[in-house]
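Take a look at the structure below.
The values are calculated or read from the model by the stated rules, or taken from the named source; none is laboratory data. Because the structure is predicted, anything quoted here is derived from the model rather than measured. Positions of Cβ are generated from backbone atoms using ideal geometry, with glycine treated the same way; all protein chains shown enter the neighbour counts. The protein model used for the area step is the full one, side chains on, heavy atoms only, and it has no ligands, DNA or RNA in it. Shrake-Rupley method; radii C 1.70, N 1.55, O 1.52, S 1.80 Å.
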Amino acid sequence: MTIASTTELICFLVLSTTLVLGSLGVVLLPNIVYSAFLLGGVFLSVAGLYLLLNASFVAAAQVLVYVGAVNVLILFAIMLVNKKETLAAIPGLALRRLLSAAVCLGLFGLLLRVAFTTNWALPGPLPVGEEATVRIGEHLFSDYLLPFELASVLLLMAMIGAIVLARRDVFSSDVITGEPVDQGLIEKARTPLLLEQRALEKTP
Amino acid sequence: MTFALSIPGLANGSIPLQAYLVLAAVLFCTGVWGLINSRNAVRVLMSIELMLNAVNLNLMAFSNYLDGQLIRGQVFAIFVITVAAAEAAVGLAILLSLYRNRETVDMERFNLLRW
């Protein structure tokens, strides 16, 4: 399917505006729940840009993995660690922000210079367009087979590691030596949650 | 209707390659700023995701404009997406464990290794 260049330009402008404003919102908004939802918007607009770049398979993967998995995971994490806390003031916070903004602007200038002064080998070969999915499949099962298999091992390791890191219950005795475990070392006594506090108030 | 938008003659089309590169640079620098300045640990992870997306956008732009036949950039982007998903899962698990032990997600208070 061919779209006119004007339509393409309009799509690009809309998507890039959404992308830039959304990413600024992710970084700057004080409420982190808004940030998480804006992050979903940023992922979606990046997927739209992939569609403009003739990459339908990666766009679908982006929507599935980032919007469907990573963003939901981040939202769950926000719900699990959602505690109102007043952050202690840090001396020189404004100076730190200004300095880091200067560093980031310098990096941005460097990237701009690289982008505009390099002699890109344009025009390159014609894009394959809708055959991209077939090509990716051929790559994954021929010359990128080893990274593909390694990625599956990596995902398995990440899954097991995440489960081990995030599980709450600990064994009462050491698995190897059989000695009883000092629970205080593993998990600090925490302030009771709001529901437990109410239950404690009612009991006496 | 097919899903892909294949644009013949894109190499001299309306959008230059540099537009995508500038967009990715903006996204990356926003991510770096957020990474340095966020107090909330979840927001740090979000900033890392922003940076990974900027890199992916660069890879896809190069893949389309300079490597249109072999599209190795798209394969690389798929691997980056895979590693990013694994990183998000492990990072958020570490964050939960930290929160359980330190009762906070403030980055300034994770200073056990400071000397």
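Before moving on, here are some points about what is shown:
- For the protein assembly as shown, the share of accessible area belonging to carbon and sulfur comes to 71 percent (1.4 Å probe, ligands and nucleic acids excluded).
- Averaged over the residues of A:94-101, the number of partner chain Cβ atoms lying within 10 Å of the residue Cβ comes to 2.
- Mean per-residue shielding of peptide A:78-85 is 5, counting Cβ atoms of other chains within 10 Å of each Cβ.
- Chain B - mean residue ellipticity at 222 nm from DSSP helices (-39,500 (n - 2.57) per run, n ≥ 4, rounded to 500): -24000 deg cm²/dmol
- Accessible area of A:ASP143 in the full protein assembly, 1.4 Å probe (Å², nearest 10): 100 Å²
- Divided by 2.2 N^0.38 Å, where N counts the residues, the Cα radius of gyration of chain B comes to 1.39.
- Inter-label distance, B:ARG102 to A:PHE37: 2.9 nm, where each label sits 7 Å from its Cα along the C-beta direction.
- Cβ-based net charge around B:ILE71, under 11 Å, with every Lys or Arg adding one and every Asp or Glu removing one: -1
- Protection proxy ranking for A:113-119, A:159-165, using the average of other Cβ atoms within 10 Å per residue and placing the highest first: A:159-165, A:113-119.
- Heavy-atom accessible surface of the protein assembly as shown, averaged per residue, reaches 55 Å², computed with a 1.4 Å probe.
- Summed buried accessible surface, chains A and B, 1.4 Å probe, nearest 100 Å²: 8600 Å²
- Protection proxy ranking, peptides B:109-115, B:87-93, average beta carbon neighbours within 10 Å, highest first: B:87-93, B:109-115
- Taking label positions 7 Å along the Cα-Cβ direction at both A:THR117 and A:LYS83, the computed distance is 5.0 nm, reported to one decimal.
- Exercise: per-residue mean of other protein chain Cβ atoms within 10 Å, B:49-56: 5
- Taking all protein chains together and rolling a 1.4 Å probe, A:VAL153 ends up with roughly 70 Å² accessible.
- For A:ASN54, the shell of other residues with beta-carbons less than 12 Å away shows a net charge of -3, using +1 for Lys and Arg and -1 for Asp and Glu.
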